[in-house]
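> This is the structure, below, for whatever I ask next.
The values are calculated or read from the model by the stated rules, or taken from the named source; none is laboratory data. What you see is a predicted model, and the numbers here were worked out from it, not measured in a lab. Cβ coordinates were reconstructed from backbone atoms using ideal geometry, including for glycine residues, and neighbour counts include every protein chain displayed. What goes into the accessible areas is simple: the full protein's heavy atoms, side chains included, and nothing from ligands, DNA or RNA. Shrake-Rupley method; radii C 1.70, N 1.55, O 1.52, S 1.80 Å.
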Amino acid sequence: MVMGFSIALIVFSLLLMLLVLMHKGKGGGLSDMFGGGMQSSVGGSSVAERNLDRITVVVGLLWFACIVVLGIMMKIDS
């Protein structure tokens with residue numbers, strides 16, 4: 001059971017990293033350094049960006065739940 005949640009945590013971690021990197025830069029900082037500031041900004045957010053936000057939040061919550069469950073399982077085992 002611990003192995004299954006550990007694998008799920010790794011998958012969710014990689015997926016969360018990919019989703020965060022897919023977001024459009026909102027201002028200065030590192031996103032401008034890698035060319036994110038060269039895109040023209042259109043007012044408002046598109047449906048794709050809102051869906052990406054929702055998916056990122058859901059994956060983040062699943063990632064957090066995996067960490068909590070793994071912590072509880074490891075505390076019970078010891």
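> Mind checking the full-extension length gain between MET3 and ARG50? Use 0.36 nm per residue of separation minus the Cα-Cα distance, one decimal, nm.
13.6 nm
> Once ligands and nucleic acids are excluded and a 1.4 Å probe is used, how much of MET3 is accessible, expressed in Å² to the nearest 10?
Rounded to the nearest 10, the figure is 130 Å².
> Need one value: the accessible area of ILE10 in square angstrom, 1.4 angstrom probe, rounded to the nearest 10.
That residue has around 100 Å² of solvent-accessible surface.
> Give the calculated FRET efficiency between VAL69 and VAL20 to the nearest 0.05, with a Förster radius of 22 Å applied to their Cβ-Cβ distance.
0.50
> While we're looking at this one, here's another question. If each of VAL58 and SER78 carries a label point 7 Å out from its Cα toward its Cβ, how far apart are those two points in nm?
It works out to 3.4 nm between the two label points.
> Then there is this: With all protein chains present, calculate the accessible area of SER6 using a 1.4 Å probe and round the result to the nearest 10 Å².
40
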